[in-house]
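A.B. asks: Handing you this structure, nothing more for now.
The values are calculated or read from the model by the stated rules, or taken from the named source; none is laboratory data. These numbers come from a predicted model, not from an experiment. Positions of Cβ are generated from backbone atoms using ideal geometry, with glycine treated the same way; all protein chains shown enter the neighbour counts. With ligands, DNA and RNA removed, areas are computed over all heavy atoms of the protein, side chains included. Shrake-Rupley method; radii C 1.70, N 1.55, O 1.52, S 1.80 Å.
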Amino acid sequence: MDGETPEILLDTLRARGWIEQAHLVDRLRCCERCRSVHLNYLDVCPGCQSLNIEEKIYIHCFTCSHLAPQEKFLRQGALACPNCQARLRHVGVDYNRPLEQMYCRDCAMAFTDAKVVARCLGCGCEHDPERLSVLNVGTYALTDSGRQAARLGIEGGAAAPMSLQPRGMTTEAFIELADWMMSLARRHEGTELVLIGLSFYADRELELLLGEGGAHRLAQVFLGRLRELMRDTDVMVQVNDHLLWMMLPQTNQAGGEVMLEKISRLAGKVVQENCSGIEVRGAVYAPEDIPDSLPVEQFLHSIDGRLQRGLPC
């Protein structure tokens, strides 16, 4: 992403689903040519586009319909029409003041409203204000996918390699692999596979004691130890800061329950070493627990919320 402007970089990260706008702070108009937001708004003549305009009071003579600036009607402190010489004594009877109050010194055009143009102070280009580009300014936050990209070191928008290493992979890669493994287990008898859903939280007292940052660091210690439990053929995806999924090939339901017990004991060791608490909730699923017609992605989404709320799965 070297050489990209901040605006292009934000658009790129948004398109990849790594960031999302949290709060809209301002909305700016910018030059269509150079994208500068430094604009000068000018009133110009709608006929010749000249800046040489001024406000004038106009008088309309009812006798001959002559229209001219008020100074043309002044005669020794009184008003008289320069065209028909009629004396103008009463507004609404002898004359009126129409709406045209602007006058162009270059083309002599009289008009009510000046035309507004936006001149860029960067490149000098002039624009109709209604055609200016709009730039929303706000604060941004990482999405779950963005957190995964930061954790896994994904560059250039490419998905993480399909490596079966316990360091983890992206959600998309995990789901694609899980779909394929589920199809394999259903088609070939004797192929064993389990999915383990796991939610983990620092307990409330710990979060109050250490703060959000300290609790997060403790959770990272737990994740590091968890990866040490996994075999080279096991895979894991961290969906968000508190939820992950593991897939264990050639493992049956009983083996998955054993793994879940090891994870619970591991959480206990983290508590012991750090004098703090990690709460772990998990569930084990075999291929027969997932309907054939239900894609793995939909199944995972249906369980995610229950895991995070501590409901039976």
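A.B. asks: Give me the percent of accessible area attributable to carbon and sulfur for segment 23-113, probe 1.4 angstrom.
C.D. replies: Details: 2740 of 5940 Å².
Exposed carbon and sulfur together represent 46 percent of the surface.
A.B. asks: Here's a follow-up. For His38 and Cys84, what is the calculated FRET efficiency with R₀ set at 35 Å and r taken between the beta-carbons, to the nearest 0.05?
C.D. replies: Step by step, r from the Cβ atoms, then E = 0.10.
A.B. asks: Next up: Where the only charges are on Cβ atoms (+1 Lys, Arg; -1 Asp, Glu), what is the dipole of segment 10-110 about its Cα centre, to the nearest 20 debye?
C.D. replies: 100
A.B. asks: If you take the square roots of the eigenvalues of the alpha-carbon gyration tensor of segment 17-125 and sort them as a ≥ b ≥ c, do you get rounded (a/c under 1.5), prolate (a/b over b/c) or oblate?
C.D. replies: prolate
A.B. asks: Considering the zone a paramagnetic label at Ser50 would reach in this model (a point 7 Å from Cα along the Cα-to-Cβ line), which residues of segment 72-104 have amide N under 19 Å from it?
C.D. replies: Flagged as within label range: 72, 100-104.
A.B. asks: With contacts defined as alpha carbon pairs under 8 Å and 6 or more residues apart, what's the relative contact order of segment 52-93 in percent?
C.D. replies: 28
A.B. asks: From a point 7 Å beyond the Cα of Asp292 in the direction of its Cβ, which residues of segment 176-202 have a backbone N at a distance under 18 Å?
C.D. replies: Residues 179-193 fall inside that zone.
A.B. asks: For His23 and Glu172, what does the FRET efficiency come to when R0 = 25 Å and r is the distance between their Cβ atoms, rounded to the nearest 0.05?
C.D. replies: On the way: r = 28 Å, r/R0 = 1.12.
Efficiency at R0 = 25 Å is approximately 0.35.
A.B. asks: What is the calculated FRET efficiency for Ala150 to Ser264, with r their C-beta to C-beta distance and R₀ = 25 Å, to the nearest 0.05?
C.D. replies: For R0 = 25 Å, the calculated efficiency reads 0.35.
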